[in-house]
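Every number here is computed from the coordinates shown, using simple stated rules; none is lab data. Just so we're clear, the structure is a prediction, and the values are computed from it rather than from any experiment. Here Cβ is always computed from backbone atoms with ideal geometry, including for glycine, and neighbour counts include all displayed protein chains.
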Amino acid sequence: MNTFDQDMALAREIAVRVGDAGGRAMLVGGVVRDGLLGVPCKDIDLEVYGLAPAALQALLSQFGAVQQRGASFGVFGLAHSGLDIAIPRRERRTGAKHTDFDVSVDPNLSFEAASMRRDFTINAMLRDPLTGELVDLWRGQADLAAGVIRHVNDRTFPEDALRVFRAAQFAARLEAQIAPETLALCAGMDVTALSVERVFDELSKALMKA
């Protein structure tokens, strides 16, 4: 069994325990997108609904040493795995920098409210690791099939200027077109406060993964 299959098996075990505790664990982000494309994905992200941070951390400790990859943001990891396990969160822009956000975890957020903060429709899908159910509230699957990079929300998208470069990166990687309305939003976003490192990282992904 390769590393990805091992991590996915672990994700399913966690999902079972989360369900027993009254919550629900969903695969989110790139693992859902790449799974629909049938391409390999290195990272597995789980979003856990219905459990407070302390309860989730205690549950995860049953599987090994818990790593706090962003404890204040409700993000945890497990030693010897590539899993990121997060609690849904709210974000509010507080300044011009990429890191200038007020973040608060909220395990009781709905799928719609939680996925609204994501950048593009193709990255805003959720999948139940136990049943395979796809939750696609923003027509991400249709955009993926059509080769379109489209933002999720007019209000939240411009809050992160790095998304201008992420749009270009995904367009290059997926040989896709950026939706006209997304291009229009990008054209009005100020990217001058972004660090050189973050911009270089996105451009590197475009060059190396395209």
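Per-structure values
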{"read-out": "Helix 163-174 axis, angle to the chain major axis (alpha carbon atoms, nearest 10°)", "value": "80 degrees"}
{"read-out": "Amide H contacts under 5 Å for Gln67, placed H, 5+ residues apart", "value": "Gly77, Leu78, Ala79"}
{"read-out": "Within-13-Å neighbourhood charge of Tyr49 [Cβ basis; K, R +1; D, E -1]", "value": "-2"}
{"read-out": "Between 0 and 90°, nearest 10: helix 3-20 axis offset from the chain longest Cα axis", "value": "60 degrees"}
{"read-out": "Global form of segment 125-188, assessed from the alpha-carbon gyration tensor, a/c cut-off 1.5", "value": "prolate"}
{"read-out": "Charge dipole of the chain about the Cα centre (unit charges at C-beta), most positive-ward option of Leu174, Thr192, Ala142", "value": "Thr192"}
{"read-out": "Largest-first principal axis extents, alpha carbons of the chain, Å", "value": "47, 37, 29"}
